[in-house]
Amino acid sequence: DAVWIRLGFAVIAFPIFFNSFFGSAILLYFLLWFILPEARTTTEKLQMKGEPVNISNIEKNVNEEKIQQGKENNFVHNFFHAIGQIIRFFFLFIGKFLAMIMVFIGVVVAFAVFASFLAVFKFPGTHYPVFLDHIIPGGHFFGIGLFGAVLVVGIPFLVIALLGAKWLFGVKKYPRGLGISAFVLWMLGILFCMFVGVKIADEFKEKQSVSHQIDISKPANGTLYIKVDGVDEERSHRYRDDDEDNWENDIRMSLENDRMQSRDIKIDILRSPSDSFQLEEIFYARGSSKKDAADRAEKISYSVTQTDSLLKFGNFFSLDKNEKYRSQKIQLVVYVPDGGQVYLDKSLAGYIYDVQNTENIMDHDMVKRTWKMTPDGLVCQDCSGNEDVIG
């Protein structure tokens, strides 16, 4: 058997770490491998083993070869069959695991969505996202819109759960017409959402603003200190990069005690047309008509206070709990007379927006500095020269 010959040479070659016999052993092996002919026929194989060539030995050798070949074939078959079973079990396990995840996610999401709809009828233990009250129009539009959203979101996740259950439990088929019914309900939900969406879009059609002029008392030392109330240093750093946002599409709203709050407030500083400080509040909103938009803008609630030389702006404005969100926002313009100065507190970072100055210093580096109004615009009085500038 060639195995024994190779094993013997391997043992002989082992002293690689002890003497130089290794090289000659390997060389001898390859020489014998090259010189000695391969035994192919039964006669050659008997001669290779040193056995006499006769009928009984030939028959015996043939039978041994058949047995050996059968064992080899059986081993190969069993080996690959075992590998196949392992691979099959692995993918089956992965498939079942994914099916379980599909069932879990589908059931949880579908249940949560349908529970939200039950909240419209004040069903105990259920609720829907409160912000929907401020987005979807009231009356029958709210019920239709929420029901449509439930169908659009809930049906696909319910189908995912059913497919996962089919895979997990080996269900052959579901009741007839189930797929068609789910598709019809889903399309119905899309139609409901489109119906309400058209109504919402109509209420965003027109944009209008209302403005209020507020007189600012002249500061005693000629410098007006401006800050945003309720903004600590951590928040001012967090909003540091907001001054470059396109705030036309920035909602930045939250809900507190059922009242909608928004910090969509931008502050600008311009040259006063008179010799006094002034403040202009501009409230924006959208509606189905100019009048509707103006009425919504008037309902914005915002606080501005002045104490001596300190002018404080609120860090948010609010709307009544029954008011709808229709792109309400505020722009505050502080008018500074020639020679007047303003100090911008660090709390203004994220609130001042594209404030023009003679040095073209960017908004976030205008805070914590004093600025003097000149006919050419704002001039920094205490800048270090290391501020970020446009370009």
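The values are calculated or read from the model by the stated rules, or taken from the named source; none is laboratory data. Bear in mind the structure is a predicted one, so any value in this text is a computation, not a measurement. Heads up, the Cβs are rebuilt from the backbone with ideal geometry, glycines too, and the neighbour counts pull from every protein chain shown. Note: areas computed on protein heavy atoms with side chains; ligands, DNA, RNA excluded. Shrake-Rupley method; radii C 1.70, N 1.55, O 1.52, S 1.80 Å.
Please enumerate, by chain and number, the lysines with C-alpha under 21 Å from the C-alpha of Lys205, excluding those fewer than 8 residues away in the same chain.
Lys290, Lys291, Lys299, Lys324, Lys329
Could you tell me the calculated FRET efficiency between Ile55 and Ile86, based on Cβ-Cβ distance and R0 = 35 angstrom, to the nearest 0.05?
Computed FRET efficiency for Ile55 and Ile86: 0.15.
HN-Hα J couplings of the range 207-215 from phi, Karplus 6.51/-1.76/1.60, θ = phi - 60°, integer Hz, Gly and Pro as x?
10, 8, 9, 10, 10, 10, 9, 10, 6
Scan around Leu311 for amide H atoms under 5 Å from its own, H built in the peptide plane at 1.01 Å from N, and keep only partners 5 or more places away or cross-chain.
Hits under the 5 Å cutoff: Tyr225, Ile226, Lys227.
Per-residue accessible area for Lys166 at 1.4 Å probe radius, Å² rounded to 10?
80 Å²
On a C-alpha basis, how far is the centre of the range 154-211 from the centre of the range 296-347 in Å? Whole number, if you could?
Measuring centre to centre over Cα atoms gives 42 Å.
Projected onto the charge dipole of the range 269-325 (+1 at Lys/Arg Cβ, -1 at Asp/Glu Cβ, origin at the Cα centre), which of Ala293, Ile269, Leu310 gives the Cα projection farthest towards the positive end?
Ala293
How much accessible area does Trp167 have with a 1.4 Å probe, in Å² rounded to the nearest 10?
Trp167 exposes around 130 Å² with every protein chain in place.
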